[in-house]
Structures are given as C-alpha cells and as structure tokens.
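Below is one structure; the comments refer to it alone.
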Amino acid sequence: MDLGALAQVIGRARAVIGVDTGLLHLAAALRVPTVGIFGATDPRLTGPVGAGPIAGCGVAAAARAIGVDEVLAALATVQGR
C-alpha cells in the first residue's frame, strides 16, 4: 500500500496506537485520536503533535515495562471516555 492510500486508511480510523514512527505522526497530523508508546525516548522532544487528542504511555520509562492497562487507559482518554 502506498503512503497516500495508507493515509486514507489512517484518516478513517477511530484511533491509532503505535510507537514513535512516521505513521503515528501521520495519525496525529490527521487529527485521529492517537496514543504513542514511548520507552527510552522523550515525546517532548520527538513525540507527535497535532490538533487532535494525543496521549503518551511509558514516557521515557526504559526501566519498566509498559502495560496493556496503561495503554488502554490512554486510549480511553483520547477517545473521551
């Protein structure tokens, strides 16, 4: 799938959960509710930006595992639940 087609799919998504990649940044730019999962990286430096709801999990927390419950809580936040 080319990037244009992928952007159309992401733009229709109810939410996107991902690691610090271009696709996560694309979702944020398209105002899709976005949850970024960060291990050792600091989203204040390289995290997604956009007008839509954005949340981060495990922010600069390389010393601990990022749990499913933490990600689901962030998802609920960006979806307004």
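If you check A5 against the conditions, is it surrounded by fewer than 19 Cβ atoms within 10 Å (Cβ to Cβ), among the hydrophobic types (A, V, I, L, M, F, W, C) and either more than 13 Å from the chain's Cα centre (by Cα) or part of a loop (DSSP other than H, G, I, E, B) (or both)?
Numbers: surrounded by fewer than 19 Cβ atoms within 10 Å (Cβ to Cβ): yes; among the hydrophobic types (A, V, I, L, M, F, W, C): yes; either more than 13 Å from the chain's Cα centre (by Cα) or part of a loop (DSSP other than H, G, I, E, B) (or both): yes.
Yes.
Would you confirm whether any residue within region 48-68 is modelled with pLDDT of 90 or more, assigned to a helix (DSSP H, G or I) and surrounded by fewer than 16 Cβ atoms within 10 Å (Cβ to Cβ)?
Yes, region 48-68 contains a residue that is modelled with pLDDT of 90 or more, assigned to a helix (DSSP H, G or I) and surrounded by fewer than 16 Cβ atoms within 10 Å (Cβ to Cβ).
Looking only at region 72-81, which residues are open to solvent by 20 Å² or more (accessible area, probe 1.4 Å) and either in contact with a Leu (Cβ under 6 Å, 6 or more places away or on another chain) or not charged (D, E, K, R) (or both)?
If the condition is that a residue be open to solvent by 20 Å² or more (accessible area, probe 1.4 Å) and either in contact with a Leu (Cβ under 6 Å, 6 or more places away or on another chain) or not charged (D, E, K, R) (or both), then L72, A73, L75, A76, T77, Q79, G80 are the ones that fit.
Out of all the residues in region 19-41, which are within 16 Å of G58 (Cα to Cα), open to solvent by less than 70 Å² (accessible area, probe 1.4 Å) and either touching a strand residue (DSSP E or B) at 6+ places or on another chain (Cβ under 7 Å) or among the acidic types (D, E) (or both)? Steps first, please.
Within region 19-41, the subset within 16 Å of G58 (Cα to Cα) is 19-21, 24, 34-41.
Going one step further and asking which of them are open to solvent by less than 70 Å² (accessible area, probe 1.4 Å), we end up with 20-21, 24, 34-39, 41.
Answer for region 19-41, where residues must be within 16 Å of G58 (Cα to Cα), open to solvent by less than 70 Å² (accessible area, probe 1.4 Å) and either touching a strand residue (DSSP E or B) at 6+ places or on another chain (Cβ under 7 Å) or among the acidic types (D, E) (or both): D20, L24, T34, V35, G36, I37, F38.
The values are calculated or read from the model by the stated rules, or taken from the named source; none is laboratory data. This structure is a prediction, so every number in the text was calculated from the model and none was measured. No Cβ is skipped: glycine too gets one built from the backbone with ideal geometry, and neighbour counts run over all protein chains shown. These area figures cover heavy atoms from the full protein model, side chains too; ligands, DNA and RNA do not enter into them. Shrake-Rupley method; radii C 1.70, N 1.55, O 1.52, S 1.80 Å.
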